[in-house]
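See structure below.
The values are calculated or read from the model by the stated rules, or taken from the named source; none is laboratory data. Not measured: the values here are computed from a predicted model. Cβ placement follows ideal geometry from the backbone for every residue including glycine, while neighbour counts extend to all protein chains displayed. What goes into the accessible areas is simple: the full protein's heavy atoms, side chains included, and nothing from ligands, DNA or RNA. Shrake-Rupley method; radii C 1.70, N 1.55, O 1.52, S 1.80 Å.
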Amino acid sequence: MQLRYNFRVYPTPGQQIGLARAFGCARVVFNDGLRLRQQAREAGEKYVSDAELSKRLITQAKLTPQRAWLSEVSAVVLQQALADLNTAYRNFFASMSGKRKGRKVAAPRFRSRKDNRQAIRFTKNSRFTVLDNGRLRLPKIGDLDVRWSRSLPSDPSSVAIIKDAAGRYFASFVVQTAEDETLPPVESEVGIDLGLTHFAVLSDGTKVAAPKFLRRAARKLKRLQQALSRKQKGSNRRKKAVVKVARAHARVADTRRDWQHKLSTTIVRENQAIYVEDLCVTGLGRTRLAKSVHDAGWASFTGMLEYKAARYGRTFARVDRFLPSTRTCSDCGRIGEKMALNVRAWDCPCGSHHDRDVNAAKNIRAAGQADLNDRGAQVRPPAMAAPRSEAVTHPDAARTTRSVEGISVL
Ligand SMILES: [Zn+2]
């Protein structure tokens, strides 16, 4: 399985110029490719092949005065920009024809220098190397200072250099992990209810609240956003406020990701099977609950559970979201009346007293187990997309997981 390892890098001013040039060249080649294919389509010509695109937009373009400057950056960076375009097209076609499941993929769009995220990718054959002194050598850029927060388990197959909206640089390595990381089997299986009062409630009764530092950071972000909205358009103060908001935003996202990593790893280690409700987050996203849903970041959390379960040989399943998990008694199976959001506990005529969320989590676990039995054998998990980040970059997150109620620390 492939995993991504992210590290902060600190390019010198000279290297920043080199990187900016590479970002720019990659963007131009990507956009040239998109334009060429769009024009071919409008003219009723056939789809321009990947090989043809590479020949015309890199090899031949470098010989023209308009694109001669493409020679100033590593050719691999340009090839990879076209590879991104080809992937975007393939996903789009697969989505249109129904071959690709899930949310519809839009047609590729032009990249802009104003995009929040600029990225280039180097592969093995561009000869990027991690030097003995810990620096990352990139062709035509130089030796970058990397803040290694952990060591790579094996030789990376590629590295992307990313600049985010807050002006920070990251190196994101793709590493093939060892074949077998299966954890020794354990007895317990868990159902997880993702709620609004708690971040998550487990069928064993554990309630996990979003940590205080996260709520505090989110409040600070909100204040900064309000301050930004008061600044005059085009003013210098506004520009400064934009950077501040971007920084705070990145900090909240990083901290939340680190926290979710710890929580998801703990749950996967302690349980043989993990069942979650298949929340249609995009559907909920249009309602009044939207804000809390997006803040809670359930989609990224269940994604982590899924790839970690696959990686460590555990079972993960999403349970049908039309299951009335809240009002079904987990003891006798009776389906009760609909309940208002403020009803936190209820009694079933069978005599059971239920905590609303724990009962829901138990039903999710039962439904997940029944689904798996129906399917007969355990289904092999599909190949997992590389997770976005494995590296813990925030001391806050490392510290505070210890205070997560009822969850042991790794
Ligand atoms: Zn009952």
**OP:** Apply the Debye scattering formula to the stretch 189-377, with a single equal point scatterer on each alpha-carbon and no solvent, then give log10 I(q)/I(0) at q = 0.10 Å⁻¹.
**Re:** -0.49
Original post:
Assuming R0 = 25 Å, what is the FRET efficiency of M339 and R215, from their Cβ-Cβ distance, to the nearest 0.05?
Top reply: 0.45
Original post:
Between R168 and L228, what is the label-to-label distance in nm when each label sits 7 Å out along the Cα-to-Cβ direction?
Top reply: 1.6 nm
Subject >> Solvent-accessible ranking of M96, M339, M304, largest area first, probe 1.4 Å >> reply: M96, M339, M304
**OP:** Rank these residues by their accessible area, most exposed first, probe 1.4 Å: F170, F199, F110.
**Re:** F110, F170, F199
Original post:
the stretch 219-278: D in µm²/s via Stokes-Einstein (Kirkwood Rh, Cα pairs, 10 °C, 1.306 mPa s)?
Top reply: 113 µm²/s
